[in-house]
Amino acid sequence: TKENLQDFIAGLINRKFIVQQAKKEKLDRDPSYKKNVEYNFDTYLLSTIENELKKEITISSDSIKSYYEKNINYFRTKPEVRLSSILLDDSTLVDTIKNFLKQGFLFEELAKKYSIQKLTAERGGDLGFFTKEELGEYGDKIFALNIGQWAGPFIDNGKYLFLKCTDFKKSEIKSLEDSYKQIEELLISLSWFNFRNKYVDSLKKKFAYKLFTQKLKELKL
């Protein structure tokens with residue numbers, strides 16, 4: 001929203017002022033500052049070069065297809081329910097909304113008029129899709145609804161929630177095409193350890209180093 005954007009910009013400006021003040025107080029000359037900057041800079045470089053190296057790992061289409069076929073059940077989606085909501089913070093309205101719904105008033109119109117969740121209220125209360133696990137303690141009750149049925153009020157953090165089931169998505173197996181990128185990234189991760197070790201071994205041949213095994217054993221962390 002416009003207000004969120006204004007808050008974000010104000011936060012950036014405040015951050016800049018505080019950093020400038022810290023430099024005026026010479027906090028950037030403190031040894032701990034230099035140590036942290038060096039550590040974070042090295043960590044960034046390490047992360048960057050590792051990401052670049054991972055681009056060199058190629059996984060064949062046959063390998064991806066084979067993994068998909070051998071592990072096909074891992075690509076089964078969970079059933080989902082689509083919900084609309086009416087959220088109230090006024091207990092005196094709860095019975096009114098409940099009676100309106102029982103009389104056949106449109107849930108979507110009541111959401112637009114009464115729900116305090118303004119963003120979803122504009123869409124008639126539409127919240128999108130959820131798995132049973134995402135609904136927590138309400139999961140079993142909500143999944144028992146038929147399309148068009150509603151339930152509530154549920155009490156959540158001192159507020160009152162009415163929910164309506166508007167659609168269902170059945171469990172299905174994602175296609176190889178839809179799973180391709182996920183499998184590729186997984187196989188790259190599985191290959192990464194050996195690939196990284198080979199890269200480090202190649203660097204060791206270019207740089208002189210000596211390993212003090214006994215001293216390493218004596219280190220205490």
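The values are calculated or read from the model by the stated rules, or taken from the named source; none is laboratory data. In this text, all values refer to a predicted model and were calculated from it rather than measured experimentally. Please note: Cβ atoms are built from the backbone with ideal geometry, for glycine as well, and neighbour counts cover all protein chains shown. In case anyone asks, the SASA skips ligands and DNA or RNA and just uses the protein heavy atoms, side chains included. Shrake-Rupley method; radii C 1.70, N 1.55, O 1.52, S 1.80 Å.
Here are a few things to note about the model shown:
- Test for LYS70: is it touching a residue at least 60 places away in the same chain (Cβ under 8 Å) and basic (Lys, Arg): no
- When residues of the range 116-139 are limited to those that are under 20 Å from ASN157 (Cβ atoms) and hydrophobic (A, V, I, L, M, F, W, C), the one least open to solvent (accessible area, probe 1.4 Å): ALA121
- Scope the range 93-123; condition within 14 Å of ALA151 (Cα to Cα) and of a type in the set (Val, Ile, Thr); matching residues: VAL94, ILE97
- The residue list PHE75, PHE41, PHE17, PHE8 contains one member that is touching a helix residue (DSSP H, G or I) at 6+ places or on another chain (Cβ under 7 Å) and among the hydrophobic types (A, V, I, L, M, F, W, C), which is PHE75.
- Applying the set (1) within 30 Å of LYS55 (Cβ to Cβ); (2) outside any loop (DSSP other than H, G, I, E, B) to LYS141 leaves exactly one unmet item: (1).
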